[in-house]
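Read-outs: derived from the displayed coordinates by stated rules, not from any lab. Keep in mind it's a predicted model, so treat the numbers as computed, not measured. Note: ideal-geometry Cβ built from the backbone for every residue, glycine included; neighbour counts use all protein chains shown.
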Amino acid sequence: MNEIKKFSKGFAEGFKDFGNNISIIVNSVLLLIVYILGVGITSLIAKIFGKHFLEMKLSKKEKTYWSDLNLKKKPIEEYYRQF
Amino acid sequence: MYILGISCYYHDASAALLKDGRIVAAAEEERFTRKKHDNSFPINAIKYCLESQNITIKDVAHIGFYEKPFVKFERVLSQHLEMFPLSLKTFLSSTPSWINEKLRVVGIIKKRLKYKGDVLFIEHHLAHAASAFLVSPFKRATIFTVDGVGEWTTTAYGIGEGTSIHLIKEIKFPNSIGLLYSTITAYLGFTVNNSEYKVMGLSPYGTMDKNKNPYYAKLKKVVDIKEDGSFRFDMSYFIYHYADRMPSKKLCKLLDGPVRKPESEITQRHKDIAAALQLITEEILTKMLNYVYKATKCKNLVMSGGVALNSVYNGKILRNTPFKKIWIQPNASDGGTSIGVCSYIYHALLGHKRNFLMRDAYLGPEFSKQEIKEFLDKNKITYSELRGEKELIKKTVKLIYEGNVVGWFQGRMEWGPRALGARSILADAGNPDMKEILNLKVKHREKFRPFAPVVCVEDALKYFECDKPIPEAADFMLMVYPIRKKYHKIIPAVTHVDGSGRLQTVRRWQNPLYYKIIKEFGKLSGIPILINTSFNIRGEPIVCSPNDAYKCMMGTGIDYLVMDKFLIKREENPQDMWDSEVYAKD
């Protein structure tokens, strides 16, 4: 009886690991497709038009790298949003 | 009215509970799960907060979260778009956690807490700003927040007045003093978001003369600093904007060698690099703060963000800038934002007047005498009970004076990364061997790291060259000051290589028992200064419960443990002894 229990427990754990590995593979494939088609194409188009997403350009001309934030109290409804 | 603040999913998850404007409970999740810097949903910290007030989630009027997740995700996507195809690996590794939890915060909060109300999302640096200003002693103050990164902001300044906060300008990701410090921390073989303070401690061993330290000029090539302190990085020296590592090969070449392997020898080159980093950090921050003062014209300064834990620099601020007063929250890093969130909702959004000053950091769990006794009896631990406060003080002081290392577990646990006399290890600062004894017996930590002194506030100026009046931030061990030269040899165990000490000042009303111990030790030894180091072993969070404290003592060389009125001697409990050294990690 104990051996059967042990076997079924091991089987269940093994099956769970198998399922996890499958989901990792499927997720990775799906994410790879999203990365190439979504991120990749958008990135290429942006590069063609000279659009940059991060502030990485150094400038001798600019006197400051501070940028306006102007963050102050907004109507409370604004804070229910995650953006 | 109860408001719950939550921060999680980056590092140092925490929860804080506000009751009618007063912060009544706050704790970090790591203290309960025993995983250092635990970033998971702080269910245990929340549970503690609610239980401490005997309430349930139904009594909570609002819950606030410490950032705007979608704005942060926008930044992460921008990194992938900018750095395609180099960011493939991090895209594959990090996107599932965004989909599964970080973008589903509302659902998770409602499900895990069975909460039916709404969740408010406060911008990360606004949460930092609120955590510093709204619980500070100032009605009006300049606010300066500086950390690794929030949504986009890495540095911001503004003004706080009454219950309102206005953040005026910012520096955006990927340009970040916090991330520069973390990059060099990683380069020096220490763990990021954990060991930055070690690099700060290592820096005085290097050449602090800008003209003589070769790495100062080299590191300056990495960052373009304007006169107003604003800066941008040459990102070819970094890879953190697209990889899960931080320094680039180009940075390694610039610094004359590869990333140092953890636990390998620390050479003079490493020390000089740490010194150069500290020098550049201080240069940027000083320029920034001078500029910020010109913009705000307010001489009170409050600071928050991980960089505000750079106590070496904090001790220099009032000398190098026009600011006259400074206040820093004890938990200035991300963990502290949960306090900012609930304070901002209550005061700024709901318009209630401020009625709370954070004058001490004792906001965590406490254990009654009965609970401790039950724990000791249940586990068949040999102990003695001291009769009253007088005997407790006398006995503890005597043990410390005789060269013992004493675990000190009293009252409510501290809020923030520093042990401040509730979960501390105490020892004699005047014992020249004590640094080695503590390292050997207890902490198993790097030899270059200094131990911190604790002194009653009225005695501090005699031994330390502090700002006058001594800022309250020193109560939270956030200011490093020079130790007066004639005392360097009197308190060698807490005198760092450059003659400085990261002192904790104690005021009687904050913690009367702790205060009396220090005073009594002064009467016995002639020097009213103790070593106060956190009650943990390297790599573990500070102890929270009697079980954690007892386990820590039995796994280390702590000689005695004083929990409430109970005195436990390690040698009398041989059955529980074990060696924590094998578990000590970065």
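Rg and Dmax, both from the Cα atoms of the range B:410-511 and both in Å, are 13.3, 37. Rounded to the nearest 20 debye, the dipole size of chain B about its Cα centre is 880 debye, using +1 on the Cβ of Lys and Arg and -1 on the Cβ of Asp and Glu.
Across peptide A:46-56, the mean count of Cβ atoms from other chains lying within 10 Å of each residue's own Cβ comes to 5.
For the pair the range B:529-571 and the range B:319-393, the centres of their Cα atoms are 18 angstrom apart. With contacts taken as Cα pairs under 8 Å and at least 6 residues apart, the range B:369-583 reaches a relative contact order of 31 percent.
Computed from the Cα positions only, the extents of the range B:56-146 along the three principal axes stand at 49, 38, 14 Å, in decreasing order.
If you wrap the Cα atoms of the range B:177-298 in a convex hull and average its projected area over all directions, you get 8.0 nm². When both the range B:22-94 and the range A:38-72 are represented by their alpha-carbon centers, they are found 28 Å apart. By the rule of a C-alpha distance below 17 Å, with chain neighbours fewer than 8 residues away ignored, the lysines paired with B:K468 are B:K299, B:K316, B:K324, B:K325. Listed peptides B:191-198, B:130-137, B:576-583 appear in the order B:130-137, B:191-198, B:576-583 once ranked by packing, highest mean of other Cβ atoms within 10 Å at the front.
Descending by average beta-carbon neighbour count within 10 Å, the peptides B:266-278, B:7-19 line up as B:7-19, B:266-278, the highest first. Distance between the pseudo-spin-label points of B:N100 and B:L357 (7 Å out from Cα toward the beta carbon): 4.7 nm.
The three principal axes of the C-alpha atoms in the protein assembly as shown carry coordinate ranges of 77, 77, 54 Å, sorted with the longest axis first. Overall size of the range B:384-452 from C-alpha positions, given as principal axis extents largest first: 40, 31, 19 Å.
Convex hull over the Cα atoms of the range B:7-159, averaged projected area in nm²? Its average projected convex-hull area is 10.2 nm².
Note on the range B:369-583: with charges restricted to the Cβ of Lys and Arg (+1) and Asp and Glu (-1), its dipole about the Cα centre is near 520 debye.
Within 10 Å of each Cβ in peptide B:72-84, how many partner chain Cβ atoms are there on average? Round it to a whole number, please. The partial results should precede the final answer.
Numbers: counts 2, 2, 2, 2, 0, 4, 3, 2, 7, 13, 9, 5, 11.
The shielding value for this peptide is 5.
Note on chain A: semi-axes of the ellipsoid equivalent to its C-alpha gyration tensor, largest first and rounded to whole Å, are 50, 24, 13. All alpha carbon pair distances within the range B:251-393 were sorted into 5 Å bins beginning at 0; the resulting P(r) in whole percents reads 2, 6, 10, 11, 11, 11, 10, 11, 10, 9, 6, 3, 0.
Peptides B:522-529, B:171-178, ordered by how many other C-beta atoms sit within 10 Å of their residues on average, highest first, read B:171-178, B:522-529. The range B:488-509 and the range B:162-217 have Cα centres separated by 23 Å.
The calculated 222 nm mean residue ellipticity attributable to helices in chain B amounts to -10000 deg cm²/dmol, summing -39500 (n - 2.57) over DSSP H runs of n ≥ 4 and dividing by all residues.
Listed by chain and number, the aspartates and glutamates whose C-alpha is less than 19 Å from the C-alpha of A:K57, apart from same-chain residues fewer than 8 away, are A:D68, B:E82, B:E170, B:D224, B:E227, B:D228, B:D234.
Inter-chain Cβ neighbour count for B:92-101, averaged per residue, equals 2 (cutoff 10 Å, partner chain atoms only).
The shape of chain B can be summarised by an equivalent ellipsoid whose semi-axes, obtained from the alpha carbon gyration tensor, come to 35, 29, 24 Å from longest to shortest.
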